[in-house]
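The values are calculated or read from the model by the stated rules, or taken from the named source; none is laboratory data. The structure displayed is predicted, hence computed values, not measured ones. Ideal geometry is used to build each Cβ from the backbone, glycine not excepted, and the neighbour counts take in all protein chains shown. Accessible surface areas use protein heavy atoms only, side chains included; no ligands, DNA or RNA. Shrake-Rupley method; radii C 1.70, N 1.55, O 1.52, S 1.80 Å.
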Amino acid sequence: MSGNTEWNDQNLDHTSKLSAISPSDPVEEDADSGLSSQDRRAIENLPPRSALLIVRKGPNLGARFLLDSETTIAGRHPNSEIFLDDVTVSRKHAAFVRDDDGFLVRDLGSLNGTYVGKDRVDEVRLQSGQDVQIGKYRLTYHPFHGAV
């Protein structure tokens, strides 16, 4: 169920590529979480068994990436479901893998490594609010929390 369509609050179907919030959108940021009202709404409206990655640092600041398939590849290759266009990112850098308990991030042998928090990881289960560092990009993980 992965595609290359953009996702916003009105389109809650499925996708893997998301775009940054338009500068014309009013943004109210929550000082505690660093989330805008649009980010909070997007997280609250996630489909079951999905999660959202929000770019908090690096190019494409504010971009959102929906994790809604069994495996989602992040990398510099243009065909990656999560395209991160920077030389610090390997062509196939990391995979986000869904299982019954949520998502894991798995490094795919990248040159610069994949980090969760400050720890370089080969594979780790993601917890709500954790940061994943891929090259210059820091993405915050937000899983679905609603009732199924």
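How do the peptides 75-82, 100-107 rank, highest first, by the average count of neighbouring beta carbon atoms within 10 Å per residue?
75-82, 100-107
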Worksheet item: Rounded to the nearest 20 Debye, what is the dipole magnitude of segment 41-148 about its Cα centre when Lys and Arg each give +1 and Asp and Glu each give -1 at the C-beta?
Response: 420
Worksheet item: Between residue 118 and residue 41, what FRET efficiency follows from the Cβ-Cβ distance if R0 is 30 Å, with the result rounded to 0.05?
Response: 0.50
Worksheet entry | Projected label distance in nm at residue 85 and residue 104, using a 7 Å step from Cα toward the beta-carbon | 3.2
Practice prompt. Note down the nm distance, to one decimal, between modelled labels 7 Å out along Cα→Cβ at residue 61 and at residue 131.
Written response: 1.4
Fill in: Share of carbon and sulfur in the accessible heavy-atom surface of segment 37-143 [1.4 Å probe, %]
46
Worksheet, complete the sentence: Rounded to whole Å², per residue accessible area for segment 37-143 with a 1.4 Å probe reads 46
